[in-house]
Amino acid sequence: MKKRSPADVAIQALWRDNPVFRQILGICSALAVTNLVLNTLVMCAALTLTTAASCLTVSLLRKYTPDRIRMMVQTLIIAFYVILIDIWLKAFWPEMGRALGPYVGLIITNCIIMGRCEAFARFNPPGLACLDGLASGLGYAFVLLAISVVRELLGMGSILGLPVPWFATHWDKWIIMVMPPGAFFTLACLVWLFRSLAPNAEGTAK
Amino acid sequence: MIVKKPWFTVVYMFVLTAFFSSAVIALSRATRERVETNRRIALERAVLEALAVALPADASALELHALFTQQVRPPAAESHGAFRRVADGRTLAYALPVEGRGFWAPVRAVVGLDADRQTLTGLAVYEQNETPGLGAEIAKPGFTGQFRGRRLGAHAPRLRFKRPGLPRAENEVHAVTGATQTSVRLERIINAAVDRWLQRMNERHAPGSAQTR
């Protein structure tokens with residue numbers, strides 16, 4: 001495995017190998033929490049923190065963790081950070097904790113985190129691993145934000161709960177956009193758009 | 001090297017688990033009281049809102065709690081699970097907590113009833129996870145505001161949800177457009193709880209019954 005520069009790692013995770021539109025990971029939560037921009041923001045912050053912290057921890061322990069049980073160890077580490085965030089939300093931001101409901105807990109099963117731990121953090125030094133986790137989380141966050149802005153704007157005529165001038169008054173609100181099917185349409189359109197913007201023929205990367 | 005020893009794997013996992021679990025337990029202990037308080041304050045706010053007690057717009061949790069303890073008595077045997085708003089030893093109104101399944105997740109609310117147990121003083125939904133923009137409207141003033149002053153019918157269902165736009169009788173409120181499932185369930189939750197409560201209260205406080213025994 002050749003050495004890679006931090007900038008290369010970050011760009012790779014943010015754009016060229018974006019977890020959502022390139023690797024199609026983390027789709028379940030991309031569909032579930034994107035009907036309001038505020039919920040999405042908090043969810044993305046939680047996921048980014050978890051990914052960065054988990055990658056850092058996995059990388060710190062990489063020389064001691066026996067290969068056979070590395071998945072168990074990774075799950076344990078990820079669950080630890082997710083539970084910390086869940087407790088914090090319940091204690092200090094109960095309204096948000098209720099709005100996100102089970103989805104905070106489900107970050108544990110988000111494939112992005114385990115994917116980055118498996119594919120990157122366990123071979124790389126802590127600094128680089130943490131950066132990779134952070135960038136992957138942000139890559140996920142920006143796609144989710146794009147989805148939620150489209151959904152909240154077309155579905156409710158607002159962004160972050162604030163009415164948007166023309167949309168709040170003249171736009172005939174598409175109720176389906178805040179319902180689950182709206183997420184599928186938006187996600188599919190965005191994946192299509194991003195993939196056209198960043199053509200990356202599979203196989204040339206090897 | 002120690003890492004290669006067969007027992008290392010077991011010890012390693014054990015130590016790691018012990019470490020992370022202790023950290024989680026410590027944090028959970030440290031915040032337990034706060035989480036409990038948050039839950040209590042949400043309920044107290046809902047009770048005050050359902051009883052139509054005037055709340056300062058940006059009341060802090062402490063002010064809210066002070067107002068609550070001053071005006072409201074907790075559920076007792078004679079109120080069958082309802083909070084009571086009292087003044088000079090008289091019951092002014094009841095606040096009945098109700099709960100049940102919404103469309104996506106449990107819905108918890110408080111129904112406020114006047115001392116006559118027929119006129120509603122309000123409704124406050126303090127826990128729900130319905131679709132934002134649709135079912136979630138049940139927690140907004142636009143919906144809950146209609147309940148104040150409605151009068152329950154004499155027989156079940158005492159309160160009816162009607163299609164928005166149609167004229168309402170005194171025991172009817174408008175449902176939420178585009179959220180039929182949530183509306184139907186909320187209607188059922190409220191009616192079931194209110195009906196059960198009224199039956200128990202009327203049994204106990206029926207005119208004459210207390211004296212003849």
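Restricting the search to the stretch A:56-75, which residues are surrounded by 16 or more Cβ atoms within 10 Å (Cβ to Cβ), within 10 Å of another protein chain (Cβ to nearest Cβ) and not β-branched (Val, Ile, Thr)? Passing the criteria: A:LEU61, A:PRO66. Is it the case that A:ALA52 is closer than 19 Å to A:LEU144 by Cα, within 10 Å of chain B (Cβ to nearest Cβ), crowded, with 18+ Cβ neighbours inside 10 Å and out of contact with any strand residue (DSSP E or B) (no Cβ under 6 Å at 6 or more places or on another chain)? Taking the combined requirement at face value, the residue does not satisfy it. Just to be sure, is A:GLY127 in a helix (DSSP H, G or I), more than 9 Å from chain B (Cβ to nearest Cβ) and within 15 Å of the chain's Cα centre (by Cα)? No; evaluated as a whole, the condition is false for this residue. Return the pairs, sorted by first residue and then second, in which the second residue is part of a loop (DSSP other than H, G, I, E, B) and of a type in the set (Phe, Trp, Tyr), the first residue lies in the stretch B:116-135 and is within 12 Å of chain A (Cβ to nearest Cβ) and farther than 26 Å from B:THR91 by Cβ, the beta carbons are less than 8 Å apart, and the residues are 6+ apart or on different chains. Pairs found: B:ASN129/B:TRP104; B:GLU130/B:PHE103; B:GLU130/B:TRP104; B:THR131/B:PHE103; B:THR131/B:TRP104; B:GLY135/B:PHE103; B:GLY135/B:TRP104. Annotation note: of A:ALA146, A:ALA168, the sole residue that is surrounded by fewer than 21 Cβ atoms within 10 Å (Cβ to Cβ), part of a helix (DSSP H, G or I), modelled with pLDDT under 80 and of a type outside the set (Lys, Arg) is A:ALA168. Every condition in (1) without any contact (Cβ under 8 Å) to a residue 12 or more places away in the chain; (2) closer than 29 Å to B:ASN191 by Cβ holds for B:THR69 except the one numbered (2). When A:ILE85, A:ILE107 are checked against the criterion of being part of a helix (DSSP H, G or I) and either without any contact (Cβ under 8 Å) to a residue 12 or more places away in the chain or closer than 18 Å to A:ASP132 by Cβ (or both), a single residue qualifies: A:ILE107. When the stretch B:123-136 is filtered for residues that are among the charged types (D, E, K, R) and either surrounded by 21 or more Cβ atoms within 10 Å (Cβ to Cβ) or part of a loop (DSSP other than H, G, I, E, B) (or both), only B:GLU130 remains.
The values are calculated or read from the model by the stated rules, or taken from the named source; none is laboratory data. What you see is a predicted model, and the numbers here were worked out from it, not measured in a lab. Heads up, the Cβs are rebuilt from the backbone with ideal geometry, glycines too, and the neighbour counts pull from every protein chain shown.
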